[in-house]
Amino acid sequence: MAEPIPDIRGPKLPRFQGDPKDIEFVKLLSPAEERLPGPTEEKIKSKTQRHSSSANIPHSRVFQIKIGGSRFALKIFNFFKLEDLRPFVPGGEKLLTDKVVRYHLDPFYAECRAFGLLVQEKKDHSLAVRCHGYSLLPECVENKIRELFKIDDWHRQAEHGQEKLRAIVKDYIPFKSTCGRKKLGTMRSNLKQLNELGVYNMDIREDNYRGGRLFDFSLAITSPHINLSLKLWSKRQIEEDVKYDLECFESFAKRENEKRAEERKATQPLASGRKLRSHGKETFAR
């Protein structure tokens with residue numbers, strides 16, 4: 001039986017129990033161009049220092065799939081060179097082993113660690129989206145993707161050899177809206193609970209919510225993590241990171257409230273001809 005991953009101290013994600021060979025692809029949900037590194041990466045670039053060769057590589061592609069009649073979202077990750085992930089920390093070379101850099105900063109493993117902790121605490125469904133585990137996809141599935149979607153570049157490098165495609169299986173979210181039926185107050189509370197568990201998403205924005213659920217954790221910092229180490233970073237730098245999610249959420253909430261106000265304003269009836277009441281007498285607007 002496959003072991004939970006990653007093989008390093010900290011939370012781990014169990015393997016998806018379904019057979020990937022049974023996957024029926026329905027459609028591509030997120031073309032590559034929709035998940036290029038966004039503004040948030042600029043904020044943490046001083047820590048990740050990703051090389052320009054990977055600057056325009058999307059983290060993943062997401063597909064709607066069916067297995068045994070049930071619908072899921074299958075997130076398949078691109079590969080990244082180790083040196084493109086390695087942060088520049090003078091004097092920190094001994095702590096930044098290849099294994100630590102790969103398992104903490106590669107988008108696939110970053111998401112595995114975040115969901116691993118949420119699944120462990122039975123909080124994935126309430127604080128994010130239900131996660132069913134990771135899956136390593138056999139060659140026949142990769143061939144099927146090539147045939148159906150004409151996608152064959154996953155940015156494998158020599159160091160990756162013949163590694164299988166790496167994926168995470170989650171509930172499919174049918175909502176297209178950012179918030180769905182959830183209130184912003186509930187979403188804020190969920191984010192606070194997420195941070196209290198030791199998961200910092202680091203990419204809070206409209207595109208990472210569906211139906212009020214946070215679903216993308218490819219940039220997540222999950223404790224224990226090198227970005228939370230006082231041996232590598234100052235207390236001020238770490239405090240900035242742990243506060244960042246809620247700062248971004250407040251900006252997002254402000255934009256959302258402004259958008260809702262504009263929508264309400266646009267749907268209000270014109271004043272012309274509307275009855276007005278003044279001191280108990282009916283008048284008409286002109």
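Any read-out appearing in this document is the output of simple, stated calculations on the displayed coordinates, not a laboratory observation. Given the structure is predicted, the values throughout are model-derived calculations rather than measurements. Note that each Cβ is placed from the backbone with ideal geometry, even for glycine, and that neighbours are counted across all protein chains shown.
Only one of the listed residues (Arg156, Arg146) is outside any strand (DSSP E or B), of a type in the set (D, E, K, R) and touching a residue at least 12 places away in the same chain (Cβ under 8 Å). That residue is Arg156.
The set of residues in the range 130-143 being outside any helix (DSSP H, G or I) and either of a type in the set (Lys, Arg) or buried (at least 17 other Cβ atoms within 10 Å of the Cβ) (or both) consists of Arg130, Cys131, His132, Gly133, Tyr134, Ser135, Leu137.
Do we have Lys254 as in a helix (DSSP H, G or I) and of a type in the set (Lys, Arg) here? Write out each step before concluding.
Working: in a helix (DSSP H, G or I): yes; of a type in the set (Lys, Arg): yes.
Here the answer is yes, as Lys254 does meet what is asked.
Might you check whether a residue that is in contact (Cβ under 8 Å) with a residue 40 or more places away in the chain and farther than 22 Å from Pro107 by Cα occurs anywhere in the range 168-178? Scanning the range 168-178, I find at least one residue that is in contact (Cβ under 8 Å) with a residue 40 or more places away in the chain and farther than 22 Å from Pro107 by Cα, so the answer is yes. Of all the residues in the range 197-244, those that are of a type in the set (Asp, Glu) and surrounded by 15 or more Cβ atoms within 10 Å (Cβ to Cβ) number 3. Only residues that are among the β-branched types (Val, Ile, Thr) and under 16 Å from the mean Cα position of the chain (by Cα) were counted in the range 55-69, giving 2. Might you let me know whether the range 183-194 holds any residue that is β-branched (Val, Ile, Thr), exposed (fewer than 14 other Cβ atoms within 10 Å of the Cβ) and within 22 Å of Asn257 (Cα to Cα)? Checked against the condition, which is being β-branched (Val, Ile, Thr), exposed (fewer than 14 other Cβ atoms within 10 Å of the Cβ) and within 22 Å of Asn257 (Cα to Cα), the range 183-194 yields at least one hit. In the condition set (1) in contact (Cβ under 8 Å) with a residue 40 or more places away in the chain; (2) surrounded by fewer than 14 Cβ atoms within 10 Å (Cβ to Cβ), Glu121 is compliant with all but (2).
Which ones in the range 210-230 are within 10 Å of the chain's Cα centre (by Cα), in a loop (DSSP other than H, G, I, E, B) and of a type in the set (A, V, I, L, M)?
Leu219, Ala220
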